[in-house]
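The structure under discussion appears below in the form of structure tokens.
Read-outs throughout are calculated quantities, based only on the coordinates presented, and are distinct from any laboratory measurement. Predicted model, so just to flag it, every value in this text is computed and none were measured. Neighbour counts are summed over all protein chains in view; Cβ atoms, including those assigned to glycine, are modelled from backbone coordinates with ideal geometry.
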Amino acid sequence: MKNLYKSKWLQIAVGLTLIMAMLAACAPAPSAPVEAPPAAGATEAPAAGAPAEAKKLVVWGFIWTADWLDTLVEGFQAAHPGVTVEVNRFEYDPYQDMVVTTLASGEGIPDVVTLDPMWTGDIIRSGSLLPLDKASAELNVADFVPGGYNMYAWQGKQYGVPLDLDFKIMFYRKDVYDAAMATLGMTEFPSTTDDFLKLAQEVTKETGKPALLIENDYYTWYTGFLAPMGGNLIDDAGTQYIFNNDVAVQSLQLYSDLATKYKIAKVWNYDTDGDPILAASSGDLGAIMNGSWFISDLSSGAPDMAGKWAIAPLPWGSAGRKYDAATGGACLSIPTKAAEPDLAWEFMKYAMTPEAQVNYYKIVGGVPSLKTSWTDAAFDEVNPFLNVPLGRKVADWSLRAMPMQLPSVEVADLITEAIAKVTSGQATPKEALDEAVQLAPALK
Amino acid sequence: MADTARTLTSSIQPNRKRTNLAPYLFISPFYVGFIIFQLLPIAFSIYLSLATWNGGSTMAFAGLDNFRTLFADPKFWDAFRVSLIITIVCTILGTIGALALAVFLERVVDWLSSLLRVIFFLPSVTSVVVIAYVWRQLYSTDYGYFNTLLEQLGLARQNWLTDPTLQMVALLVMLIWAGLGWDALIITSGLRSIPTELYDAGKVDGTNGWTEFWNITLPLLRPTLTFVMVTGVIFLWGIFAQPQLLTGGGQLRETQTIALYLYDVGFRYHKFGYASAMAIVLSIIMFLSSYLNFRFVKAEIEY
């Protein structure tokens, strides 16, 4: 009898052990312990030469930024004995989901995370990032381009340190536009809406093709049209949406008119129109607004057109305006639940040295927000496709770029829908923007 | 006698206990997994539907606020309309098409029937991503097969994937095509379970092809059709990957289903409480649709 009971309990014990083993096998790999978050910089990381304390710093980056982060590892580890830096590299497409899901789950959270402005606004407002309270004291804020640095401030607190400056400039077919400028007697590429419209109409007349490609999204409209024309998304107090005011309506009207009234632009749909590089290589593309990074796509996609393309600041707005565009660009931040927030801050400071930022420019191609890095000769190198020192020009122009506000993804979607309604003739700019503001989530 | 009975009982009890426990032990891994990976998430989702949480903030109880917001949200009703159209059109046309295909395949020679069955079943074992990619190519404005065909017929090219009306048509065609083989296979099994004696008896009574189908085949197929329609309705209400991959939901949400909107709200806008409320409502819609479907078809089974 006792044997029978023993056997039964043995069966149950073995069974439960097996179940637990199966569940353990299904469980995620153990990650760094998540502790209650102290304020960033609450304790100092050990200085070089201090007794080594084994610590691991996990840093996340996407594609090229991760390649650049890899170059920082050796130097940082040498300066911080006992610290091991692990850089995790992600492709861009799944990166946003990885970051959002990880921050929400609280498991496997990195210490330093590279963020893209297209979706960082929600992450900041969700409380998932630590305010960088020591940034103003330990970084020389004046060394940064204001547009780049201020972009990651929200309600008086800094949540990221900027890496590069991504603002739209005009890439245009030099041969085509020069011919039209000669016809019109223009000596310089236009810097106002009125002059550009005259030139673009002449280009369209001479070539029979759209002089400009515009993308049907909020980012293009906001950073390329609304910002230089003096508008913005949210008021200075951060309490009210203003992207349906008069300036916003005028800028969306212009955006739409380029295609529908002046017939100088084609509103590009990537689903149906395909890759614009194909249009560029076949000579069907007169101009396109994009970030300076676009040069690598253009030069590799249309190598036969070397020397035929040029760049200029965006022309939208009147003479004497303050800005030519709004700037975006990636940043480094510290998640609220990072295991090593102090060490993470040390790493970020290390990444913000001029030498490290020059390396960033060489590897990633984006012009750094840190102005002190611009003295390097790398910025004066002539781009062989454009025959101009691209880095120097973009650096200079960045001083006329305002910091873009980081709207929620929901607001970005609503604005994109409003643009689509206007360009397809389903609503006036006023109607579409009013509706978008009405549906936008409340600002807290 | 009583002693003997007591002795028997006491000697049997441990054995009974052992035989009672062992099966539960062996099936317990499933239930442990079910509780951890399904029941608890469902319970958490129900709780979350009554709260506000963006992933980083503290969860705050919100009562029925999420449901009130949902029923006043025009984008939800747009998504509901899209899902309803997809469910109704695909269920009706898909079932009729699958029935016609199954009956046709039963009437052609064996080698052709087997070949066609394999061809029509292939989409069921093909990745949704591959299917959507192939159809995107077919629908392409510049290089697509359909536009080339239209051009050769002297007709204008169409923006299949961006035109507000055409993108819904494009999606419906792809969905019906992709589900045809699977549904036809199920219906074929139903057709083969119908006793041939009934057809023989029908012939004695003078049935022709149509009356045979209408009076014998269709009534006896109703349980099978119920299964096809109920599983189809559940699948179609929750459809996500196909519209996401083919149209992305459309620039003005023309093909955004409830599941697509739920994904946007939850994983792009970080409104997990609101998304959970939507998931609860979607589950109720699926349950009610299936119930009505089942009741409607079941009532017709009596003949």
### Task
Would you mind checking which residues have amide H under 5 Å from B:G250's amide H? H placed 1.01 Å from N; only 5 or more apart, or other chain.
B:T255
### Task
Please state the charge dipole magnitude for the protein assembly as shown, taken about the Cα centre, from unit charges on C-beta atoms (+1 on K and R, -1 on D and E), reported in debye and rounded to the nearest 20.
2440 debye
### Query
Between A:T239, A:V394, A:S299, whose Cα lies farthest towards the positive end of the dipole of the protein assembly as shown when Lys and Arg beta carbons carry +1 and Asp and Glu beta carbons carry -1, centred on the Cα centre?
A:T239
### Task
Could you run the Karplus curve 6.51 cos²θ - 1.76 cosθ + 1.60 with θ = phi - 60° over region B:197-208 and give me ³J(HN,Hα) per residue in whole Hz, x for Gly and Pro?
4, 5, 5, 4, 5, x, 4, 4, 7, x, 6, 10
### Query
Which one of A:P403, A:I363, A:P341 has its Cα pushed farthest toward the positive end of the charge dipole of region A:314-444, where Lys and Arg give +1 and Asp and Glu give -1 at the Cβ?
A:P403
### region B:74-299: Rg to Rh, with Rh as the Kirkwood radius over Cα pairs
1.04
### Task
Could you work out how far helix A:429-439 tilts from the main Cα principal axis of chain A, as a 0 to 90 degree angle to the nearest 10?
10 degrees
### Debye, to nearest 20: dipole size of chain A, +1 on Lys, Arg Cβ, -1 on Asp, Glu Cβ
640 debye
### Summary
Among B:F294, B:G97, B:T217, the residue whose Cα sits farthest towards the positive end of the charge dipole of chain B (+1 at Cβ of Lys and Arg, -1 at Cβ of Asp and Glu, taken about the Cα centre) is B:F294
## Note on the structure
Helix-only [θ] at 222 nm, chain B, -39500 (n - 2.57) per DSSP H run of 4+, per residue, nearest 500, equals -23500 deg cm²/dmol
### Task
Just report the Cα centroid separation between region B:174-222 and region B:31-110, whole Å.
31 Å
### Summary
Per GNM of chain A with C-alpha springs under 10 angstrom, the most fluctuating residue out of A:T372, A:T239, A:T193 is A:T239
## Note on the structure
The summed charge of the A:A427 Cβ neighbourhood (under 13 Å; Lys/Arg +1, Asp/Glu -1) stands at -2
### Message
Under a crude label model (7 Å from the Cα following the beta-carbon direction), how far is B:I284 from A:D297 in nanometres?
### Response
4.5 nm
### Task
Give, as ranges by residue number, the residues of region A:236-265 whose backbone N falls under 19 Å from the point 7 Å along Cα→Cβ of A:M186.
A:254-265
### Query
Between B:F227 and B:F30, what FRET efficiency comes out of the Förster formula 1/(1 + (r/R0)^6) with R0 = 30 Å and r the beta carbon distance, rounded to 0.05?
0.80
### Query
In degrees between 0 and 90, to the nearest 10, how far off the longest principal axis of chain A does helix A:193-207 point, with axes built from Cα atoms?
80 degrees
### Query
Per the helix-only calculation at 222 nm, which mean residue ellipticity applies to chain A, given -39500 (n - 2.57) for every DSSP H run of n ≥ 4 and division by its residues, nearest 500 deg cm²/dmol?
-13000 deg cm²/dmol
### Task
Pop the C-beta distance of A:K322 and A:N88 into the FRET formula with R0 = 41 Å and round what comes out to the nearest 0.05.
0.55
### Task
For B:T211 and B:L64, compute 0.36 nm times the residue count separating them, minus their Cα-Cα distance, and round to one decimal in nm.
47.5 nm
### Query
What does the average come to when, for each residue of peptide B:25-32, you count the partner chain Cβ atoms lying within 10 Å of its Cβ?
3
### Task
Quick one: which residues, 5+ away or cross-chain, put their amide H under 5 Å from the amide H of A:K168? H built at 1.01 Å from N.
A:A326
### Message
Quick check: the angle from helix A:409-423's long axis to the longest principal axis of chain A, C-alpha only, nearest 10 degrees?
### Response
20 degrees
### Query
Given a Förster distance of 35 angstrom, what is the FRET efficiency for B:S189 paired with B:V130, based on the Cβ-Cβ distance and rounded to 0.05?
0.85
### Task
Classify the protein assembly as shown as rounded, prolate or oblate from the Cα gyration tensor: take a ≥ b ≥ c as the square roots of its eigenvalues, call it rounded if a/c is under 1.5, otherwise prolate when a/b beats b/c and oblate if not.
oblate
